[in-house]
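One structure below.
FYI, it's all coordinate maths here, none of it is from the lab. Predicted, not measured: the structure shown is a model, and the values here were computed from it. So basically every Cβ, Gly included, is an ideal-geometry build from the backbone, and we count neighbours across all protein chains shown.
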Amino acid sequence: MGRSKGTNIRFSKTKNQMIANVELHPEAISELEESYQWYEKRLEGLGIRFIASVNKRLNEIAEHPERYAKKKRNYREVMIEGFPYMVIYEMFQKEQIVFVSYIFHTKKNPASKYKR
């Protein structure tokens with residue numbers, strides 16, 4: 001639980017728009033890599049489509065981090081288009097940082113979504 005040092009992803013700013021920096025928890029990075037590998041083994045190119053969908057959603061979150069409602073404590077969540085995963089994140093307004101705690105498979109026990 002809480003923010004630990006993660007990988008920082010910077011998205012380019014558009015004119016007159018503040019875009020948050022996105023940081024991923026190390027375990028979220030592992031979840032992303034494992035999911036990519038799983039999809040790529042099933043069908044060549046599917047892992048790339050998965051990563052593209054995740055990146056699209058991360059860009060949307062960076063541009064409008066408060067678009068999605070808080071679900072539990074300060075966590076927000078949004079589905080990844082075309083895949084049974086969701087991004088679970090917190091927004092640190094003062095620092096303009098979106099911290100992604102999970103790339104969460106929706107078939108997992110939902111009680112584990114906010115345990116990091």
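Quick notes
- Within straight-line reach of K113, meaning a Cα separation under 14 Å, sit the following aspartates and glutamates at least 8 residues removed in sequence or on another chain: E27, E31, E77, E90.
- Length added when fully stretched, N21-E63, from 0.36 nm per residue minus Cα-Cα: 14.2 nm
- Inter-probe distance in nm under a simple model that places probes 7 Å from Cα toward Cβ, at K56 and R42: 1.7
- About the centre of its Cα atoms, the range 23-116 shows a dipole size close to 520 debye [charges on the beta carbon of Lys, Arg (+1) and Asp, Glu (-1) only; nearest 20 debye].
- Based on every Cα atom in the range 29-116, Rg and the maximum pairwise Cα distance Dmax equal 13.2, 42 Å.
- Rounded to whole numbers, the Karplus 3J(HN,Hα) couplings from phi for the range 29-37 are 5, 4, 4, 5, 5, 5, 5, 4, 4 Hz, using 6.51 cos²θ - 1.76 cosθ + 1.60 with θ = phi - 60°, and x at Gly and Pro.
- Residues K94 and E34, FRET efficiency given R0 of 30 Å [Cβ-Cβ distance, rounded to 0.05]: 0.40
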